[in-house]
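Below is one structure; the comments refer to it alone.
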Amino acid sequence: MTSSSSSPLNPDVLAPNSSPMNPNFTTVPPSPSISSISIQNISCMVPTKLKRDNYLVCKALFAPIFRHYKLTGIVDGSAVCPSPFLLDDSSKNTGIPNPTFDMWYEKDQNILIWLNSTILEDLIPFTVGVTSSRELWLNLEQRFGGAFAAHIHQL
């Protein structure tokens, strides 16, 4: 039996991103994007819900996630929110949407969702009116960070 050039097993006729071992399987190159973490994954990576006495534990669980996805700057405030619109040479608003702002804002809101999803129900009132992940992070740190540090010092 002769091989035909149109054979689905011929690697020369595979679809883009398909595997020579299985031409019906399309591979997607891995990308550590923020969108690749779902809320369910956060619950697995941060198995402890934030309560009044475990702020430092939760902070320690989130730290490597923020570092891996390059989000630490958004949470600690060192990555300042860009302008929603592009600016001209004289720093005047051009009215053109800034794609950098859109990416930053999406990351910020994903972090906010992650944090909210790992907070015990009785702490949800502390999140009311909070619009950014940095604001929530500071709020939680001010409310619970000092109390836990004082408890450790007392021990």
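The values are calculated or read from the model by the stated rules, or taken from the named source; none is laboratory data. Predicted model only: the values in this text are computed from it and were never measured. Please note: Cβ atoms are built from the backbone with ideal geometry, for glycine as well, and neighbour counts cover all protein chains shown.
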Revision key, fill the gap. Subset of region 55-87, residues surrounded by fewer than 17 Cβ atoms within 10 Å (Cβ to Cβ) and assigned to a loop (DSSP other than H, G, I, E, B), comes to 70, 77, 78, 79, 80, 81, 82, 83, 84
Practice item. Among the numbered conditions (1) touching a residue at least 40 places away in the same chain (Cβ under 8 Å); (2) part of a loop (DSSP other than H, G, I, E, B), tell me where residue 90 comes up short. Key: (1)
Review point. If you check every pair at least six apart or on different chains, which have Cβ atoms under 7 Å apart with a residue in region 130-155 that is closer than 26 Å to residue 104 by Cα and at pLDDT 55 or above first and a residue that is surrounded by 13 or more Cβ atoms within 10 Å (Cβ to Cβ) and acidic (Asp, Glu) second?
Key: 132/108; 133/108
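I want to confirm something. Restricting to region 88-112 and keeping residues that are among the β-branched types (Val, Ile, Thr) and surrounded by 12 or more Cβ atoms within 10 Å (Cβ to Cβ), which single residue is farthest from residue 48 (Cα to Cα)? Spell out the reasoning first.
Initial filter on region 88-112 (among the β-branched types (Val, Ile, Thr)): 94, 96, 100, 111.
Subset that is surrounded by 12 or more Cβ atoms within 10 Å (Cβ to Cβ): 100, 111.
Values: 100: 33, 111: 16 Å.
Selected residue: 100.
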Exercise for review: Hey, can you tell me all the residues within region 60-89 that are farther than 18 Å from residue 139 by Cα, among the hydroxyl-bearing types (Ser, Thr, Tyr) and modelled with pLDDT of 95 or more?
Suggested key: 83
